[in-house]
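Trainee: What follows is a single structure, and I will ask about it in a moment.
The values are calculated or read from the model by the stated rules, or taken from the named source; none is laboratory data. Keep in mind that what you see is a predicted model, and the values were worked out from it rather than measured. Methodologically, a virtual Cβ is constructed for each residue, glycine included, from the backbone with ideal geometry; neighbour enumeration extends over all protein chains shown.
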Amino acid sequence: MELDNRMKQLLRELGRAINESVSESDRIADTIARIRTNGYDIFLMLDAVVALSKHNAAAPGAGLTRQDRHFLKSLKIRLDEEALEPEAEVEARPTITPQDVKFLRSLRISSDDLL
């Protein structure tokens, strides 16, 4: 996906905002100080992954599967039920994309256990 200059600027702003949030956090500064007090040098490196996808004018939540809705509910995220499409029939097996497999491996979870 090719990003226009405005979107690139917004992503730079997001990066600065994340950096400022971390560097201004009293809790993080306190924890780092306690680690140093215990005789350790510490180097904090954070890797943020930002995924973008162009959305269409469809209603929020359109196209969500039953599993998607269950996952969002487990995170206590609610969607406007009137805007959602009717739930699809229960799927026999979950659909796992290559990105899902990569994410699960990063958590040291075998996707074979899920199928």
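Trainee: Inspect the stretch 52-69 for any residue being surrounded by 10 or more Cβ atoms within 10 Å (Cβ to Cβ), in contact with an Asp or Glu (Cβ under 9 Å, 6 or more places away or on another chain), hydrophobic (A, V, I, L, M, F, W, C) and at pLDDT 75 or above and give the result as yes or no.
Mentor: For the stretch 52-69, residues surrounded by 10 or more Cβ atoms within 10 Å (Cβ to Cβ), in contact with an Asp or Glu (Cβ under 9 Å, 6 or more places away or on another chain), hydrophobic (A, V, I, L, M, F, W, C) and at pLDDT 75 or above: absent.
Trainee: Quick one: what pairs do we get from the stretch 25-40, first residue assigned to a helix (DSSP H, G or I), second among the hydrophobic types (A, V, I, L, M, F, W, C), C-beta under 8 Å, 6+ apart or different chains?
Mentor: Listed pairs, sorted by first residue: 28/22; 28/44; 32/42; 32/44; 35/42; 36/42.
Trainee: Across the stretch 29-52, what is the total count of residues that are under 21 Å from the mean Cα position of the chain (by Cα) and of a type outside the set (Asp, Glu)?
Mentor: The qualifying residues number 8.
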